[in-house]
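Any read-out appearing in this document is the output of simple, stated calculations on the displayed coordinates, not a laboratory observation. Because the structure is a prediction, the values reported are computed rather than measured. Note: ideal-geometry Cβ built from the backbone for every residue, glycine included; neighbour counts use all protein chains shown.
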Amino acid sequence: MEFKSEFIKEAVERGFINQYTDLEEIDSYLSTPGRRAYVGFDITAKSLHVGHLLPIFTMRLFQKCGHKPIIIVGGGTTKIGDPSFRNTTRPMLSDEQIEENLQGIKACLLPFLKFGNESTDAIMLNNADWLNNLNYLDFLREVGTYFSINRMIGFDSVKTKLQANNSLSFLEFNYMVMQGFDFYILFKDYDCQIQLGGQDQWGNIVCGVDLIHKKLGKTAFGFTNPLLTTSDGKKMGKTANGAVWLSENMLSSYDFWQYWRNVDDADVIKLLYLFTDIPVNEIKKMESLKGQELNEIKVLLADSVTAIVRGDDSLDSIHKTAEGVFGKSGEDLSKLSHLQQYCISLKELKEISIVDVLVNSDLCSSRGEAKRLIRGNGIYINDISIDENYKFDSNLKAGDILKLSCGKKRNLLIKISD
RNA sequence: GGAGGGGUGGCCGAGCGGUCAAUGGCAGCAGACUGUAAAUCUGCCGACGGAAGUCUACGAAAGUUCGAAUCUUUCCCCCUCCA
């Protein structure tokens, strides 16, 4: 299929689009520049994470193609909590927490979108501005009347929850009504005719499209991103240590880079399409790569994504650290600038055991864990596996640096002071 | 409002008076093999302790008992059905 709009053409090629209301109409609508689309983020944390990256990159492309992105932060809807496909109820957040999170999330979006007052500049709106002051009775009469319960309980997002015998509170059940109302406001007051969301948002998006149709007699559009899963079917962006955060305050750039360096072979090409600016035809050429060559491509992926999200200033030093950690031993430890550091005095070091150091530096969460790791040959000092009787070298002096590792990937520099 | 069924470690899920720090699965961690991947195999997987052992933990609290995740009572929460 030939597309008229630059945005839809590239979005389809790169795999940004999953479901849509009517792709041909969206395409022709977007063939005129200056159109608007919105995506909403609930603000349940101080930072967005890798799971949010797909809608963000979609909006980034949208802006590049001459359109105007609108970001809705869910100051209002977060008070309800989206129940879609979830089997646990979201925790309730206080107004203060929501405000704090809101600031963090704004900061996360700055690297991706240009905000401002020009025609294609992104704008950010908070749905609390229109949701907070709703009058219940008026709202029910003006909006509630257009929603059919019969239909709502038929949505997959709701059905899944009901079938799993999880309780769905009336509060949560209203979420899709609120989101539908958002779209209605955006359509009516901001000339925004398109809503984008994750795959799990389809039901909520459709609610808005329906509401606009019923209340205004006009057609709105919606489309979703695919659900981003790793090749083994898990949601992307979760690691043992929690989500992969976009904010540097929550996850260091080195760890962020490592996340991409370590993705599955099977995911590399897909991720290049989604999260880099590398042209489609160049990525196509890489599709046939295998083995070691594909492994090298992960560096390209990690570099590209990190440069966009975190800036490219630190890439050099990240590379040095990574080469130092994963290359041959005997490297200059001072080059490993991205490793976490643990300072300890010479005197103290001689008094305490390696187990204490492991626990005090947070490399291990308990003494038991530290001991088990040592027994299992999982602890190294300067790349040499140690045993239970390990004593720090008595020749150590102030200013020396030791590399302490749990396995190959968790590393720490011990800096010895006077 | 009534009747019934449940709440067990990050998740799922056994156990239904002592042998239970609690079978099993998933997830996780480490080792081997590799390519900082995957798959596979091995070990670990509440805290403290060198160990013996001690403490904390089966929704919450009280109780019965030499002894409770297991029995009793009250409370909280969830689910199903009926009105």
Most fluctuating of A:Val299, A:Val355, A:Val206 in the GNM of chain A (C-alpha, under 10 Å) is A:Val355
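Sort the range A:252-326 into rounded, prolate or oblate with this rule: let a ≥ b ≥ c be the square roots of the eigenvalues of the Cα gyration tensor; rounded if a/c is under 1.5, and if a/c is not under 1.5, prolate when a/b is larger than b/c, oblate otherwise.
Details: a/c = 2.15, a/b = 1.42, b/c = 1.52.
Oblate is the answer for the range A:252-326, as a/c is 1.5 or above yet b/c matches or exceeds a/b.
Where Lys and Arg each count +1 and Asp and Glu each count -1, what net charge lies around A:Leu23 among other residues with Cβ under 13 Å from its Cβ? Don't skip to the answer; put the middle values down first.
Working: positive: A:Lys4, A:Lys9; negative: A:Glu2, A:Asp22, A:Glu24, A:Glu25, A:Asp27.
That works out to -3.
Restricting to chain A, compute how many DSSP beta bridges are antiparallel as a %, nearest 5. Mind dumping the intermediate values first?
Details: 16 of 40 bridges.
Restricted to chain A, the bridges split so that about 40 percent are antiparallel.
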The ³J(HN,Hα) series, computed from each phi in the range A:134-148 with the Karplus coefficients 6.51, -1.76 and 1.60 at θ = phi - 60°, rounded to the nearest Hz and given as x for glycine or proline, is 5, 8, 3, 5, 4, 4, 4, 6, 7, 10, x, 5, 8, 9, 9
Any helix of chain A counts here only if DSSP assigns it H throughout, its Cα atoms span 27 Å or more along the axis, and its mean Kyte-Doolittle hydropathy is at least 0.0, and such helices are A:291-310
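Would you mind calculating the relative contact order of the range A:339-417 from Cα pairs under 8 angstrom and at least 6 residues apart, reporting the percent as a whole number?
Values: 117 pairs, mean separation 31.5, N = 79.
Over the range A:339-417, the number comes to 40 percent.
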Once both label points are put 7 Å beyond Cα along the C-beta direction, the A:Lys397-A:Asp121 separation in nm becomes 6.0
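Dipole size in debye (nearest 20) for chain A around its Cα centre, Lys and Arg Cβ +1, Asp and Glu Cβ -1? Walk me through the numbers on the way to the answer.
Values: 48 positive and 55 negative charges, 142 e Å.
Using only the charged Cβ atoms, the result is roughly 680 debye.
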For the range A:6-224 the mean separation of alpha carbon contacts under 8 Å (6+ apart) over residue count, i.e. relative contact order in percent, is 26
Residue span A:Gln340 to A:Arg410: 0.36 nm per residue of separation minus Cα-Cα distance leaves a gain in nm of 24.2 nm
Amide H proximity to A:His49 below 5 Å, modelled H, separation 5+ or other chain, gives A:Leu246
Among GluC sites (Glu not before Pro) in the range A:327-418, those in a DSSP loop whose Cβ has at most 12 other Cβ atoms within 10 Å are A:Glu388
Of A:Gln103, A:Gln199, A:Gln63, the most mobile residue in a GNM of chain A (C-alpha springs, cutoff 10 Å) is A:Gln103
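Distance cut-off 19 Å, Cα to Cα: go down the list A:Lys270/A:Lys298; A:Lys46/A:Lys234; A:Lys371/A:Lys391; A:Lys270/A:Lys290; A:Lys298/A:Lys409; A:Lys4/A:Lys284 and report the pairs above it. Display every interim value, and only then the final one.
Details: A:Lys270/A:Lys298 12 Å; A:Lys46/A:Lys234 23 Å; A:Lys371/A:Lys391 14 Å; A:Lys270/A:Lys290 14 Å; A:Lys298/A:Lys409 16 Å; A:Lys4/A:Lys284 22 Å.
Pairs exceeding 19 Å: A:Lys46/A:Lys234; A:Lys4/A:Lys284.
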For chain A, averaging the sequence separation of alpha carbon pairs under 8 Å that lie six or more residues apart and dividing by its residue count, the contact order in percent is 14
